[in-house]
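Peer 1: Next up is a structure, given as structure tokens.
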Amino acid sequence: MALRTEIRQTIDMCRHCFMCRHANPTFLVTKLDAHTPRGYALALSRIDDGRARWTEDVARKLYQSTLDGLCSELCEFDWREDLVVQAGREEAVRMGMAPPPVVRAAERRLADGSASSTPTSLPVAPERIDREGAETLFITGLEARERAPGTIVATTALLDHFGSDWTVLSTERDPGIDLWELGYTEAAVIAAQRFVEEVKQLRPARIVTGSSRVLRALRQSLPAPELGALPETEHLSEFLVSRLDDARDTETGERPVAYHDPCALGRRVGVLDAPREVIRKVTGAPPVEFLHARAIAECCGEGGLLPEVDPDLAARMAVAQLERLPDGVTTLVTACPGCRSQLGAAAQQVRSSIEVTDISELAVARLGLR
Amino acid sequence: MRPTLPWELSQDARPGDALPSLDESLRGLLEAIVGPDGVVTDATEIDAATVDVWWVTRYEFHGEDRLPRPAAITFPRSREEVQAIVRLCSERGLPIVPRGGGAGDSGGSLALRGGIVVDTKRMDRILAINDRSLTVRVQPGILQRHLEEALEARGFTMNHLPASINTSTLGGFVSTNGSGILSSKYGKTGDMVHQLEVVLPNGDLFRSLPVNRHSSGPDLSRLFIGAEGTLGIVTEVLCKIHPLPEKRTFMCYLMPDLAQGIEAGRRVMVEGLQPAVMRFYDQKDTEHILRKQYDLEGEGCFFLVGFEGRARIVDAQSECAHDMFRETNGRDLGDAYGWNWWNDRLRSYYPPLDYVCEPWMTAVTDTVAPYEDIEMVYTAMKSAVEDGFRDRGALFHAHFSHWYDWGTAIYPTFLVKDVPGDRAEALALYDAILRAATGAALANGGALNEHHGIGVRLGHLLSEAYGEESYRLLQTIKRALDPKDVMNPGKLGL
């Protein structure tokens with residue numbers, strides 16, 4: 001196995017260190033050391049040293065990471081264990097060892113770029129679709145189309161409310177970040193380039209998205225530098241925060257709202273305050289915080305495409321995050337359709353009375369929009 | 001039968017041996033107890049569980065890898081499941097290896113004779129917080145970090161804050177009688193335990209009396225504190241907790257020499273000032289601190305002392321301590337380093353500052369001794385390592401960090417950067433340095449270990465520490481409780 005120097009260096013640093021284990025979201029659910037940065041580094045170092053071979057077990061464990069970056073965030077020296085896992089996935093793909101769900105997830109994206117094996121209908125008026133020259137392109141994100149179409153309805157209602165001249169793509173593809181996380185690095189770059197071309201065809205002046213994965217891809221040019229050439233991209237919370245007035249009537253006295261930081265939005269891109277400010281504006285009070293919030297928020301299981309790769313594990317992680325809710329909270333808001341789907345499903349699974357909603361849906365409800 | 005040398009872990013293992021296999025009928029019986037996802041035989045997990053912080057396991061794992069492996073790791077969620085696993089294994093004479101965090105430095109959870117690991121990390125619930133008596137009842141598999149976070153949210157703390165707070169479980173601390181950075185005031189883990197529940201090697205459940213100070217016969221809970229899982233598996237603990245302190249202060253001094261520093265610390269402790277933190281560094285460590293923190297060059301030994309609690313009491317204690325340091329010729333360096341240390345106290349446990357990322361041979365040989373002996377213990381250990389292994393470039397540095405009103409602990413580290421290429425030579429050198437250092441401690445009134453536990457690494461020296469006749473008592477207790485020798489065999493020299 002030919003690991004890049006910086007990956008091998010990180011492996012050598014992490015493979016005997018236990019110091020981030022207490023925070024690793026997968027470990028917190030499974031309690032398996034193999035799911036920690038130390039476990040991944042140990043396994044990969046053995047393979048790289050020629051002392052062990054690739055096995056289905058090693059590959060499966062690598063894809064049970066959410067790549068959420070929390071361990072790196074907490075590491076005193078910022079060792080990028082998430083890049084170790086990602087490099088391991090690249091190697092697994094190269095060796096043909098990627099687990100079947102990973103291969104299926106990649107093939108869907110490679111075939112037509114979408115996440116779904118069946119077409120989904122877009123809940124948007126036809127005249128809004130594929131409008132060249134519209135000022136704002138609303139990129140929904142694949143997870144919104146697949147699993148949280150209500151966020152699309154809510155976002156478009158908000159765009160209309162604030163007078164935005166907007167459009168959406170009829171077919172939205174993976175901007176490459178999904179394939180990159182799955183370890184299909186070369187294909188991810190090609191997907192990103194194709195995504196860029198399709199966006200450019202509509203010639204938007206700006207981009208708005210509610211998807212934290214899309215935002216990360218575009219803001220960090222991940223996985224291809226061409227993504228950085230696209231127009232300025234705002235997260236929906238950033239779009240809203242400058243347009244919302246403070247709420248006149250507050251309802252939060254008896255209904256405290258908590259906020260779950262999506263890993264890609266908060267920790268990776270640094271959009272931490274805008275969603276909180278939106279919540280404050282529309283409810284009259286800042287959100288109740290989890291014990292671990294903002295840059296050290298725990299993953300709900302949405303990260304790393306885990307809902308597709310290992311839905312049971314992802315569901316357990318979402319339930320675990322719900323269990324961390326502070327006492328007295330009745331509404332959990334997040335700012336990512338994927339997290340909204342994960343946490344909403346978890347609430348249903350455990351028959352919780354907690355209402356899970358997206359920032360778009362919260363704003364629509366509090367503004368009284370249809 | 002006890003191993004004679006730490007590396008003779010398995011006479012039959014050969015490099016590249018396949019994992020021992022779990023026969024299907026036993027797997028079925030275990031899965032019936034803990035569920036299918038509670039029985040793990042994945043090589044990735046077993047490998048990760050085999051390597052702890054001990055240099056020998058790391059060295060072996062990446063070398064010839066003769067390390068023994070368990071047949072399976074089980075993850076019970078209740079005392080009943082632990083009992084059922086123990087009964088099943090005991091009936092079959094299968095070794096049982098309790099495991100908490102598995103982050104010890106002595107091979108304590110190494111499956112020396114194979115068998116079944118009982119990993120307690122899925123037993124991690126806080127069962128009750130009593131805000132009247134200030135106690136917490138908790139399962140043993142909780143990581144200490146999580147326990148402290150939950151307590152802090154309620155305005156409490158257990159005050160057990162070792163460097164391994166992120167990595168290790170409460171059950172592991174009980175089993176090794178660990179110490180945290182605030183031990184000078186709040187004691188070792190054993191001092192914090194009010195009640196223990198333990199599954200015995202025959203599967204019976206033992207529960208100690210509900211308080212730890214009484215005159216109702218011998219306190220049997222103490223049997224299991226520090227027993228490192230050789231006498232049973234801890235399944236529930238009742239621990240003392242405290243309100244979060246109103247005030248915390250730090251003071252730093254440069255002492256002229258080791259003797260005056262030890263005297264200053266002794267006075268602070270024996271006169272009952274109850275500092276929470278006491279850290280005294282030898283000349284080698286002091287040079288590093290002075291340069292890095294103060295941009296100073298100079299002779300002397302650095303002392304950091306901290307108080308916490310009610311503000312008025314802290315102020316009075318601090319004032320009295322300051323007088324004592326002044327009277328022992330300490331130069332006042334202010335409090336900045338103290339706060340820097342407190343705020344970044346875990347930083348040196350991350351790579352690249354932590355030696356675990358290097359192939360260097362290293363070990364912590366902590367010991368504790370009464371005040372009349374401790375300086376000689378330090379001098380003897382330092383000489384044993386540096387003089388005894390000068391040709392190997394062996395380095396020794398130490399600080400004194402767990403102080404009591406009768407003595408203090410030394411936290412010495414030895415380091416050899418140039419590790420011999422030959423395996424037998426490397427392991428022989430490690431053993432020789434370890435024996436020399438611990439032998440120097442024992443010969444001068446020190447204990448075999450202060451707070452890390454002894455496991456495999458030092459377990460074979462326990463009979464020497466006690467003397468054969470006294471050690472026989474431990475053997476007798478072990479035989480009585482565990483006649484089949486299934487419970488964590490091979491540890492503590494048993």
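Peer 1: Pairs to check: A:K31/B:K491; B:K247/B:K292; B:K284/B:K491; B:K188/B:K292; B:K185/B:K284. Give those whose C-alpha atoms are more than 29 Å from each other in this structure.
Peer 2: Values: A:K31/B:K491 25 Å; B:K247/B:K292 27 Å; B:K284/B:K491 34 Å; B:K188/B:K292 31 Å; B:K185/B:K284 27 Å.
Among A:K31/B:K491; B:K247/B:K292; B:K284/B:K491; B:K188/B:K292; B:K185/B:K284, the Cα-Cα distance tops 29 Å for B:K284/B:K491; B:K188/B:K292.
Peer 1: While we're on this one: How compact and how long is chain B, expressed as Rg and Dmax of its alpha-carbon atoms in Å?
Peer 2: 22.6, 71
Peer 1: Still on this model: Classify segment A:1-91 as rounded, prolate or oblate, taking a ≥ b ≥ c as the square roots of the eigenvalues of its Cα gyration tensor: rounded when a/c is under 1.5, otherwise prolate if a/b is larger than b/c and oblate if not.
Peer 2: Working: a/c = 1.71, a/b = 1.24, b/c = 1.37.
It is oblate, given that a/c is not under 1.5 and a/b is not larger than b/c.
Peer 1: Amide H of B:D366 versus every other amide H placed in the peptide plane: which residues, excluding those fewer than 5 positions away on the same chain, fall under 5 Å?
Peer 2: HN-HN under 5 Å from B:D366: B:E450.
Peer 1: Tell me which residues come under 5 Å, amide H to amide H, from B:E236 once H is placed; ignore anything under 5 positions away on its chain.
Peer 2: B:E197
Peer 1: Something else now. Rounded to the nearest 100 Å², what's the accessible area chains B and A bury against each other, both chains counted, probe 1.4 Å?
Peer 2: Working: alone 20520 and 15710 Å², together 32910 Å².
It comes to approximately 3300 Å² buried between B and A.
Peer 1: What does the charge dipole of chain A about its Cα centre add up to, to the nearest 20 debye, if the Cβ of each Lys and Arg holds +1 and the Cβ of each Asp and Glu holds -1? Before the final figure, lay out the partial values.
Peer 2: Numbers: 44 positive and 55 negative charges, 112 e Å.
Approximately 540 debye in magnitude.
Peer 1: Further question: Would you mind giving the mean number of other chain beta-carbons within 10 Å of the Cβ of each residue in B:352-358, as a whole number?
Peer 2: Details: counts 5, 2, 6, 1, 8, 10, 3.
Taking all residues of B:352-358 together, the mean is 5.
Peer 1: Measure out, as a whole number of angstrom, how far apart the alpha-carbon centroids of segment A:78-102 and segment B:417-446 sit.
Peer 2: The distance from the Cα centre of segment A:78-102 to that of segment B:417-446 comes to 40 Å.
Peer 1: Follow-up. In nanometres, what is the gap between the two model label sites at B:S21 and A:R4, each 7 Å from Cα along Cα-to-Cβ?
Peer 2: 4.1 nm
Peer 1: Distances over 45 Å make up what percent of all Cα-Cα pairs in the protein assembly as shown?
Peer 2: On the way: 122344 of 372816 pairs.
The answer is 33 percent, as a whole percent.
Peer 1: Under the classification rounded if a/c is under 1.5, otherwise prolate if a/b is larger than b/c and oblate if not, where does segment A:142-184 fall, given a ≥ b ≥ c as square roots of the Cα gyration tensor eigenvalues?
Peer 2: Working: a/c = 3.20, a/b = 2.22, b/c = 1.44.
Prolate is the answer for segment A:142-184, as a/c is 1.5 or above and a/b outweighs b/c.
Peer 1: What does the helix-only formula give at 222 nm for chain B: each DSSP H stretch with n ≥ 4 adding -39500 (n - 2.57), the total divided by the residues, and the result rounded to the nearest 500 deg cm²/dmol? Working shown, then result.
Peer 2: Working: 16 runs with 166 residues, N = 494.
One gets -10000 deg cm²/dmol as the mean residue ellipticity at 222 nm.
Peer 1: Got a sec to turn the phi values of segment A:157-171 into Karplus ³J(HN,Hα) couplings, 6.51 cos²θ - 1.76 cosθ + 1.60 with θ = phi - 60°, whole Hz, x for Gly and Pro?
Peer 2: Taking θ as phi minus 60°, the curve returns 4, 5, 4, 5, 4, 9, x, 7, 8, 10, 8, 10, 7, 5, 10 Hz for segment A:157-171.
Peer 1: List the residues, sorted by chain then number, that are 5 or more residues from A:V257 or on another chain and whose placed amide H is less than 5 Å from its amide H.
Peer 2: Counting only residues 5 or more places away or on other chains, the set is A:V288.
Peer 1: Please compute the average number of Cβ atoms from other chains found within 10 Å of each residue's Cβ in peptide A:274-280. Don't skip to the end; give the middle numbers.
Peer 2: Numbers: counts 0, 0, 0, 0, 0, 0, 0.
Mean inter-chain Cβ contacts per residue within 10 Å come to 0.
Peer 1: Please compute, for peptide A:38-46, the average count of beta-carbon atoms on other protein chains lying within 10 Å of each residue's beta-carbon. Let's see the in-between values first.
Peer 2: Values: counts 5, 6, 2, 1, 7, 5, 0, 2, 6.
That works out to 4 on average.
Peer 1: Quick one: pull the percent of accessible area on segment A:172-296 belonging to carbon and sulfur, 1.4 Å probe, ligands and nucleic acids left out. Mind dumping the intermediate values first?
Peer 2: Working: 2290 of 4930 Å².
Its accessible area is 46 percent carbon and sulfur atoms.
Peer 1: I would also like to ask the following. Would you calculate the separation in nanometres between label points at B:R435 and B:E80, each defined as 7 Å from the Cα along the Cα-to-beta-carbon direction?
Peer 2: The two pseudo-label positions are separated by 5.1 nm.
Peer 1: Can you give me the % of accessible surface on segment B:198-338 that is carbon or sulfur? Probe 1.4 Å, all protein chains present, nothing else counted. Can you show the working numbers first?
Peer 2: Details: 3050 of 6240 Å².
Carbon with sulfur: 49 percent of the solvent-accessible area.
Peer 1: Specify whether the C-alpha gyration tensor of chain A places it in the rounded, prolate or oblate class, a ≥ b ≥ c being the square roots of the eigenvalues: rounded for a/c under 1.5, otherwise prolate if a/b is larger than b/c and oblate if not. Before the final figure, lay out each step's value.
Peer 2: Numbers: a/c = 1.98, a/b = 1.33, b/c = 1.49.
Oblate, because a/c is 1.5 or more while a/b does not exceed b/c.
Peer 1: Also, quick follow-up: How big is the gap, in Å, between the Cα center of segment B:29-56 and the Cα center of segment A:196-231?
Peer 2: 44 Å
Peer 1: Grab the beta carbon distance between B:D332 and A:E355, set R0 = 60 Å, and tell me the FRET efficiency rounded to 0.05. Don't jump to the answer; show the numbers that get you there.
Peer 2: Numbers: r = 58 Å, r/R0 = 0.97.
For R0 = 60 Å, the calculated efficiency reads 0.55.
Peer 1: Let me ask another. Given only helices, namely DSSP H runs of n ≥ 4 each adding -39500 (n - 2.57), what is the per-residue ellipticity at 222 nm of chain A, to the nearest 500 deg cm²/dmol?
Peer 2: On the way: 18 runs with 173 residues, N = 370.
Theoretical 222 nm ellipticity from helices: -13500 deg cm²/dmol.
Peer 1: Subtracting the Cα-Cα distance from 0.36 nm times the residue separation, let me have the gained length for B:R390 to B:W406 in nm, one decimal.
Peer 2: Numbers: separation 16, 0.36 × 16 = 5.76 nm, distance 3.35 nm.
Taking B:R390 through B:W406 to full extension adds about 2.4 nm, to one decimal.
Peer 1: Right, something else. With the other protein chains left in place, how much accessible area per residue, in square angstrom, belongs to the protein assembly as shown at a 1.4 angstrom probe? Could the numbers behind the result be given before it?
Peer 2: Details: 32910 Å² over 864 residues.
It amounts to 38 Å² per residue over the protein assembly as shown.
Peer 1: For chain B, give the magnitude of the charge dipole about the Cα centre (Cβ charges: +1 Lys/Arg, -1 Asp/Glu; no others), in debye to the nearest 20.
Peer 2: Values: 51 positive and 68 negative charges, 248 e Å.
Approximately 1200 debye in magnitude.
Peer 1: Here's a follow-up. Rounded to the nearest 0.05, what FRET efficiency is calculated for A:Q220 and A:T330 with R0 set to 56 Å and r the Cβ-Cβ distance?
Peer 2: On the way: r = 35 Å, r/R0 = 0.62.
Calculated transfer efficiency: 0.95.
Peer 1: Helix B:468-481 versus the longest principal axis of chain B: what angle, 0 to 90°, nearest 10, using Cα atoms?
Peer 2: 40 degrees
Peer 1: For the pair A:R53 and B:L353, how long in nm is the line joining their label points, each one 7 Å along Cα→Cβ?
Peer 2: In this crude label model, A:R53 to B:L353 measures out at 4.3 nm.
The values are calculated or read from the model by the stated rules, or taken from the named source; none is laboratory data. These numbers were taken from a predicted model, which means no experiment stands behind them. Here the Cβ is made from the backbone with ideal geometry for all residues, glycine too, and neighbour counts use every protein chain on show. Ligands, DNA and RNA are excluded from the accessible area calculation, which covers all protein heavy atoms including side chains. Shrake-Rupley method; radii C 1.70, N 1.55, O 1.52, S 1.80 Å.
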